[in-house]
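Visitor: I have a structure I would like to understand better, so I am pasting it below and will then ask my questions one at a time.
The values are calculated or read from the model by the stated rules, or taken from the named source; none is laboratory data. Computed from a prediction, not measured in an experiment: that's the story for all the values here. Positions of Cβ are backbone-derived with ideal geometry, glycine not excepted, and every protein chain shown enters the neighbour counts.
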Amino acid sequence: MTQANWARLPVVKSKADLVYDSLRAAIAEGDLKPGERINMDELARNLGVSKIPIREAVKRLEADGLVVSRVHSGVTVAQVDAAEMRGVFLAREAIEGLVAGLAAERITDARLAELEAVQQQMRGRLGTRSFQKLPELNSDFHRVLAEAAGYRVLAELTDQLLLTVRRHRITVPADPENWARVIAEHEEIIAALRRRDPEAAARAAKAHISAQADHEVADQE
């Protein structure tokens, strides 16, 4: 079998991978909240797996900083370190400026259509005051943008930072006015991408993250 044929083989996930994905999604969406204890026995029963893939998944989540495992208190969802949020947004500003600039050079019409579709969904959710879905849609927007940049490492870093932001936002009330600003800031990025203008796209992305940093962490300093 040639290398090209190997590249087309489907990816088959292990049980540990599936448990990891399930727990990570539950943490991201707030179904498992910061400080909440994870009942390993109950989790194994609900997912229909043994404790071995559960333990493997928990080790990965612990390495990601998403859970904490202690001898006497078991496994709990990690608290969000509010003091670190400024650093998270500084990292996002640098990375997403780079991502947007690269995306402006490489983005396809199909990717632009994906971004515009996410924007439309966000406007719809905001209009009906269905705020619960907005963090996930916001992550979708930045994920598509990062994928358009063409580098896996940038997509992975973007995803990791977005997860921290989503976990932080779970702990604070929804702010409709800020979500309206987020959508408007996204539109500035899309406008620069349509023009295939890397400098304008990078500026718009950095301005977006800087504005969100001011909103998210201003009360903590």
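Visitor: Suppose we filter the range 53-87 for residues that are β-branched (Val, Ile, Thr) and free of Cβ contacts under 8 Å to residues at least 12 places away in the same chain; how many remain?
Guide: Total satisfying the criteria: 2.
Visitor: Hey, any hits in the range 166-178 for a residue that's surrounded by 16 or more Cβ atoms within 10 Å (Cβ to Cβ) and within 18 Å of residue 100 (Cα to Cα)?
Guide: The answer is no; no qualifying residue exists.
Visitor: Taking helices (runs of 4 or more DSSP H) that fall entirely within the range 137-221, which contain at least 2 residues that are basic (Lys, Arg) and out of contact with any helix residue (DSSP H, G or I) (no Cβ under 6 Å at 6 or more places or on another chain)?
Guide: So the answer is 152-170, 176-194.
Visitor: Right, next: Here are some residues: 68, 58. Which one is modelled with pLDDT of 85 or more, touching a Ser or Thr at 6+ places or on another chain (Cβ under 6 Å), not assigned by TED's automatic domain parsing to the domain that holds residue 131 and not in a loop (DSSP other than H, G, I, E, B)? Let's see the steps before the verdict.
Guide: Values: 58 fails: touching a Ser or Thr at 6+ places or on another chain (Cβ under 6 Å).
That would be 68, the only listed residue that is modelled with pLDDT of 85 or more, touching a Ser or Thr at 6+ places or on another chain (Cβ under 6 Å), not assigned by TED's automatic domain parsing to the domain that holds residue 131 and not in a loop (DSSP other than H, G, I, E, B).
The rows are residues; the columns are (1) assigned by TED's automatic domain parsing to the domain that holds residue 163; (2) not basic (Lys, Arg).
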position	(1), (2)
50	no, yes
54	no, yes
138	yes, yes
143	yes, no
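Visitor: Turning to a different aspect of this structure: Consider only pairs whose beta carbons are under 8 Å apart and that are at least six residues apart or on different chains; among these, list those whose first residue lies in the range 33-47 and is not assigned by TED's automatic domain parsing to the domain that holds residue 168 and whose second residue is in a loop (DSSP other than H, G, I, E, B) and surrounded by 15 or more Cβ atoms within 10 Å (Cβ to Cβ).
Guide: That search, which allows pairs on different chains as well, returns 34/78; 34/80; 38/32.
Visitor: Checking the condition farther than 16 Å from residue 212 by Cα, surrounded by 14 or more Cβ atoms within 10 Å (Cβ to Cβ) and over 16 Å from the mean Cα position of the chain (by Cα), which residue from 129, 125 passes? Steps first, answer last, please.
Guide: Values: 129 fails: surrounded by 14 or more Cβ atoms within 10 Å (Cβ to Cβ).
Result of the check over 129, 125: 125.
Visitor: Still on this structure, I have one more. Identify all residues within the range 61-86 that are over 17 Å from residue 161 (Cβ atoms), touching a Pro at 6+ places or on another chain (Cβ under 9 Å) and surrounded by 15 or more Cβ atoms within 10 Å (Cβ to Cβ); write none if there are none.
Guide: Once the filter is applied, which keeps residues that are over 17 Å from residue 161 (Cβ atoms), touching a Pro at 6+ places or on another chain (Cβ under 9 Å) and surrounded by 15 or more Cβ atoms within 10 Å (Cβ to Cβ), the range 61-86 yields 76, 77.
Visitor: Here is a follow-up. For the range 87-96, enumerate the residues that are surrounded by fewer than 21 Cβ atoms within 10 Å (Cβ to Cβ) and not hydrophobic (A, V, I, L, M, F, W, C).
Guide: The answer is 87, 93.
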